[in-house]
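Values quoted throughout were computed directly from the atomic coordinates according to the rules given, and no laboratory measurement underlies them. Being a predicted model, the structure only gives us computed values, none of them experimental. Methodologically, a virtual Cβ is constructed for each residue, glycine included, from the backbone with ideal geometry; neighbour enumeration extends over all protein chains shown.
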Amino acid sequence: MGAFWLAISLLLHAFSFLLIILLYMRLSRLGEAEQRAAKRAEELEEAMAAHLVAWKEENERFLGELDALLRTKTTAGAAKQPLASKLAAPAPRSASDGSGSASPTSPTDESGAEEKNGEIAQTGQNDRDVALDYFPDIEAIEDVLDLSPSASAADAARRLHEEGATIEEIAKKLQKGKTEVELLLKFDRKTSE
């Protein structure tokens, strides 16, 4: 009887050792899965950081190009403005020369200061005009997505089919797939019925 209990005890010990080994293996697999998940999270974080750096560089490049564009357009506009102000400036001076000598505090000096202030205001206005020329009006932009096949392709496919061309020939001429041509012809038959 003692041998019987001893055999049962040995079997229970072996079974418990087996369960302990299985639990240890599952725990180690879980630890490995956590390590893989942490490694993937780090890789994802590195990839996101790289994309953010690339976006930042692209944004800085775009802003630099935009500044250069605005500077070139404003300098081109500013170069045109002095010519216009030089052409407009002799007219008041010739009128003052005809009436007598002009004093240093004459109205022409005040008009010169007004012209400079006007040029500064016009330059600011030109900056806004250049920006408005560069960026389109948001309200004017329409997102249109036409999912229907073009009427010209359907008409051409129907016309070629009526002339006796095969589906393969129609597909080659219209540079479309055979299935697409079959569908065009099928839809055209259904709409004409």
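Ranking His161, His13 by Cβ neighbours within 10 Å, fewest first, what do you get?
Numbers: His161 18, His13 10.
Result, fewest neighbours first: His13, His161.
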If all Cα-Cα distances of the stretch 151-192 are sorted into 5 Å bins from 0 onward, what percent lands in each bin, rounded to whole numbers?
6, 28, 41, 21, 4
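Taking the Cβ of each residue in Asp188, Asp155 as the centre, tally the other Cβ atoms inside 10 Å and list the residues starting with the fewest.
Working: Asp188 16, Asp155 12.
So the ranking, lowest neighbour count to highest, is Asp155, Asp188.
What does the charge count around Ala33 come to, taking other residues whose C-beta lies under 14 Å from its C-beta (Lys +1, Arg +1, Asp -1, Glu -1)?
Net of charged neighbours comes to +3.
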